[in-house]
Each structure stands twice: as structure tokens, then as C-alpha cells.
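Quick notes on the structure that follows.
The values are calculated or read from the model by the stated rules, or taken from the named source; none is laboratory data. Remember, predicted model here, so these are calculated numbers, not experimental data. Cβ placement follows ideal geometry from the backbone for every residue including glycine, while neighbour counts extend to all protein chains displayed. For the accessible areas, the whole protein counts, side chains as well, though only heavy atoms, and no ligand, DNA or RNA atoms are used. Shrake-Rupley method; radii C 1.70, N 1.55, O 1.52, S 1.80 Å.
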Amino acid sequence: MNYDKRMREMVLYEIWPKSFNDTTGNGVGDLKGITEKLPYLKELGVTHIWLAPIFTSPMVDSGYDMADYKEINPLFGTMSDFEEMVETANSLNIGILLDVAVNHSSSEHWWFKKALEGDDKYMDYYIFKDAKPDGSLPTNWESRLGGPTWEYVESLDKYYFHIYAPEQPDLNWQNETLREALADVFVFWIKKGVAGFRLDVINHIAKDIWEDAPNGRGADYYTNRPKVHDYVKFVSEKVRAVNPEAIMIGQLKWTPPEELTRYTNPNNKELSAGLDFAQVQAIDHDFWKWDFKEKDFSKYYEVIKEYQEYLQHSGGSMVLGWNCHDLPRAVSRFLNDEEYLFESASVLFGTLTSMIGPVLINYGDEYGQVSPKYEELDQYRDVESLNFYRDDLKKTQSHDETIKKLIMMSRDNARAPFLWNSNSDDNYGFTNGIKPWIDFHKRSKEVNLESDLQRGNKSIFKFYKDAINFRKDNEILVHGDIEFLNFDNGMFTIRRWKDDGEYIIIANLSEVPKENNNLDLNGYKKVFGNYENDDKNLINKYEFIIYEKQ
Ligand code: GLC
């Protein structure tokens, strides 16, 4: 079977540039700050960095609203800072993947400004529609960041379409001139030496049906439409003509394993891997994240089992992660980040390194970064959170009720600054300015990199490094087959094997120790884990263990 080996070996690290390391004192992280910390990431074992948006942008949606696809946002530095960062990364053998959003641009992009002036050429770069004959919106779809997907332009007497915020008008991929212009963007950056890209919501770029949806859920009408594969192939070909090794990781929302394979099997020359968090979302909600419910890890198990067991033989690849810039930190959301931070963080990462990769780390996960759970509205920065607050308050009429939902689910939970040391007078090494662009989390003195490193065998960083090293060049974990044996009340068991080697892997995601009475581990020896003891009949709370067949 043909599959992209590099995907299984990859340790991918997402950096939220605003929150990683500030060298100018303005409270916002920057590219020089990233360059400075590359040796640190090398030590951790990172092979690739997913760099969240750094292009010129009004930052309505943190840079996922791009106003110029070929310029560095001055907030983060200059083109020469960028070049220095790429060069340093390449010299350390760390590949940089740039996050590019081409489903939509910013409404500040000059293309869109021309469109608003009524210039036909540029109007066709976007999606403009008339109201329905009865005067209502062209469709009833709700946008992903709050409100309807249509915005009225009086001077044109038309609506334009936006899946996300009104400041993020969707681009019209049916237009060939536009497709060329976008492919040119990717080629521009690959020529600058980046290893590849993370393509934002790329499976939404093809749209061909404009009808009302039951429940206003338009996603079914713009996800994985037939033409999307041609468009993705078109861009990939242009990029790979410059660098045949280029890596294209596509965000593929709501994409079943068969379809994901179509995108990511190397024979199809589309993407290198898909990225989605369906398995994580499934734990506490269905479609709308704000309608969350009690956590249920058996849902995680069901989804991940389906994808992993299918993809191992289909040649497809899917990034494995618990966290990214859109998700509250999993240690805080699902486990016990107060009493058992080490155990919680390590069992979560252990599960990732024991499945078929790439493995994804969100910056700061490696010292147990927790969700800040901001309690005041003015601490929130994310457009989605602020729009949600506005809309939900109308329904609940209760600040307390609505803010509780933000505390649980806001994307700002993922975006707080990285804490390099434990010194609050030094702003924890993040900035030497007065204060950061968004508040530090509340337990900063205790949960930061420096304090973590002092915890010896209970250092989360040390566990991450050891787990990465254990996995590196480990044929069974990286390239072996996988079978999900069972899920029992918060604990799951997997089998991995290759040639004569075999592992049984156990992860207890619950706080209840378990008697292991249904597994015969005779003839197996513990080779890795997050507890020092070795009792085959008792699995501790949040324990992660790898047994090797002797
Ligand atoms: C993706 C990004 C998210 C962003 C959206 C619109 O889902 O991960 O942060 O808001 O696309 O670009």
C-alpha cells in the first residue's frame, strides 16, 4: 500500500504567533521570538511547525482574514524576519508549514474593495447573489461565527456570501483567474523555502447548491462538493512543480474516512494529510459546540477507532491531536488539570503517540498549559466568542449563564501566552512590555515551563520528550498495524504490531483506578508509561502504559 511515510513520522507543533514569544515589548509575539525558540522546539523533538496566520490582516479573525497573501503582518515583523526564521528552521531540520486561508479573504483585500465598487471582474472573485423573490436572504444558512451567511451591499443591491464573519467574504473558486491567483500565492511561499502549508477549511471551497437547509445548517451544501478535488489538485500540482516534497495539510471538516482517503492517498496527488477534530468534538457535543453536554469518552473511542482502522490500509493520513487554536485545552476540558495535571497531560499525549500519526502538539501543551477560563467579558478577544456572547445573551437574558458557556468553550482558552518562566515580574518571560495582548492564565506561577522542568519525573515536558523519543524510529508505533481492542468505562486498550513485534497499550482517561481483569498480560513487559509502578492488575487513574510482547 502506498502512503506518505513522512506523515506517520511527523511531530507537528502549532504556534499561535501572537502568544509564543514577544521580542519587541508590545505584548504580542513575533517572528523573531519564534526564531529564538527554535532550538527549544528541536530539543522537544518537533519535526514541523504549523504556523497560524502571519499575513497582513485587520485581524478580525486573528489573521484568518487575509488582506494580502504575500506580505507579512507588521505586527509579527518583516519579510527579512520571516526569511531568517525559515532559514534557521531549515538548518535545524524543522519544516515550517504556513497557514493559508483561501476559502475566503479579508473584506480589506483590494480584490474585495474593487468588487464593492461594482467592478465585474472582481465581483466574480466573490459570491454575490440577489435576495429571494420574496425579499428574504438568498439562503437561510447560519454562519460559523454567528449571524447569517449573507451581508447586504446597498450600492449593489446584492448580498455577498461568507461562511465565517462578514469581514471574511468567500472566494469564488469557479473563477479560473482567481484560482491562478491563489495558486500563485502558494508558489510564492514555497519558493521562499517553507516546507508546505496548512490549508484552512479547504474542503469548503467548492460551492454549487444554493438552497435553504433544514435547521439553517448550510455546511452540507458547501462541504466536500465534487469540484473540490479538482481545485485542490490544481493548487497541489503547481506547488509540487516547484517542490515535489511540499507538504499540504488540509483542514477537512466533517469528512468521513473514505472521502479523507480520496484527498490524502498520495496516488491522488491532492493533500498530504487531513486535519479535523471530530473525535474530540464528539466527546461533548454534536454539531454546535455551544450545545455541549456531559463528556463521554466512548464517543472519542468510536470515532478514532473508525478513522484509524480504516486509514491504516487505505493510504490516507489524518493528523492526531487533542488541541489546536480552536479548542479549549483538553486537560482542562476533559481531565483533572488541578489535582492531576501531570497524569492528565501525559495520558493524553501518550494516546496520541501510540496511534498512527502525524501527532499534533498545541504550543504550551508540553508543560501542561491550561485553559484560562476568563471570567470577565472584557478578557475575551476572539470574534467568535464576542459574537456568541451578543447572540446568546439575547436568548438567555443572563450574563452569568452566557459567560459560563464562554468559560467552557471559547477559543480564547487555547490562545493564552506561552509561559517560559515562573516570574510574574518578568511577565513569565513572554514579553518585556507592560502586559500581554490577552491575559495570562490564572495559575501562571505554577503552570509554566520553568516550574514544570523542576518537577523531575513529573515534568510534563520530560514525558513529552521521552514519548517522542520512544516513538521515533519505532517501527511498531509509527508504521505498524492498529486494532482497537476495547473501551471500558473511560479506559481504552489498543494493540499495535509489525513483523514479530507487538504492543498492548492501555490508557485510562478516568479518575477511577481499574482492575485489569479482562486482559491477559502474561508474557508482556511494560516498556513505557507515566507511572513508575508496574502492577498488571491495577491501572491507576489517568495511567498510560505500553506493554511489549516478549
Ligand atoms: C478554521 C480556523 C478557525 C477560523 C476559520 C475561518 O476553522 O481553524 O480558527 O476561524 O477557519 O478561517
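Restricting to segment 133-152, name every residue that is within 16 Å of the ligand (Cβ to nearest atom) and either open to solvent by 20 Å² or more (accessible area, probe 1.4 Å) or in contact (Cβ under 8 Å) with a residue 24 or more places away in the chain (or both).
Hits for segment 133-152 are 141, 142, 144, 145, 146, 147, 149, 151.
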Only unsatisfied item for residue 159, checking (1) touching a Phe, Trp or Tyr at 6+ places or on another chain (Cβ under 7 Å); (2) within 15 Å of the ligand (Cβ to nearest atom); (3) not charged (D, E, K, R), is (2)
When segment 153-176 is checked residue by residue, the ones that are outside any loop (DSSP other than H, G, I, E, B) and either among the small types (Gly, Ala, Ser) or touching a residue at least 12 places away in the same chain (Cβ under 8 Å) (or both) are 153, 158, 159, 160, 161, 170, 171
State whether one or more residues within segment 298-312 are modelled with pLDDT of 95 or more, within 16 Å of the ligand (Cβ to nearest atom) and of a type outside the set (D, E, K, R). no
Of the residues in segment 535-545, those that are farther than 17 Å from residue 495 by Cα, surrounded by fewer than 23 Cβ atoms within 10 Å (Cβ to Cβ) and either touching a Phe, Trp or Tyr at 6+ places or on another chain (Cβ under 7 Å) or basic (Lys, Arg) (or both) number 2
When segment 45-91 is checked residue by residue, the ones that are part of a loop (DSSP other than H, G, I, E, B) and more than 16 Å from the ligand (Cβ to nearest atom) are 45, 46, 47, 74, 75, 76, 77, 78
Only one of (1) open to solvent by 10 Å² or more (accessible area, probe 1.4 Å); (2) touching a residue at least 24 places away in the same chain (Cβ under 8 Å) does not apply to residue 330, and that is (1)
Checked 424, 444 against criteria (without any contact (Cβ under 8 Å) to a residue 60 or more places away in the chain and buried (at least 21 other Cβ atoms within 10 Å of the Cβ)); the one match is 444
Can you find a residue that is outside any strand (DSSP E or B), within 16 Å of the ligand (Cβ to nearest atom) and modelled with pLDDT of 95 or more anywhere in segment 92-101?
yes
Expected output for segment 54-73 (first residue more than 20 Å from residue 34 (Cα to Cα), partner more than 13 Å from the ligand (Cβ to nearest atom) and of a type in the set (Ser, Thr, Tyr), Cβ below 7 Å, 6+ apart or cross-chain) is 67/56; 68/56
Counting only residues in segment 375-410 that are among the hydrophobic types (A, V, I, L, M, F, W, C) and open to solvent by 50 Å² or more (accessible area, probe 1.4 Å), the one farthest from residue 18 (Cα to Cα) is identified as 393
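Yes/no per residue for (1) in contact (Cβ under 8 Å) with a residue 24 or more places away in the chain; (2) touching a Pro at 6+ places or on another chain (Cβ under 9 Å); (3) buried (at least 16 other Cβ atoms within 10 Å of the Cβ):
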site: 503; (1), (2), (3): yes, no, yes
site: 507; (1), (2), (3): yes, no, yes
site: 510; (1), (2), (3): yes, no, yes
site: 513; (1), (2), (3): yes, no, no
site: 524; (1), (2), (3): yes, no, yes
site: 528; (1), (2), (3): yes, no, yes
site: 533; (1), (2), (3): no, no, no
site: 547; (1), (2), (3): yes, no, yes
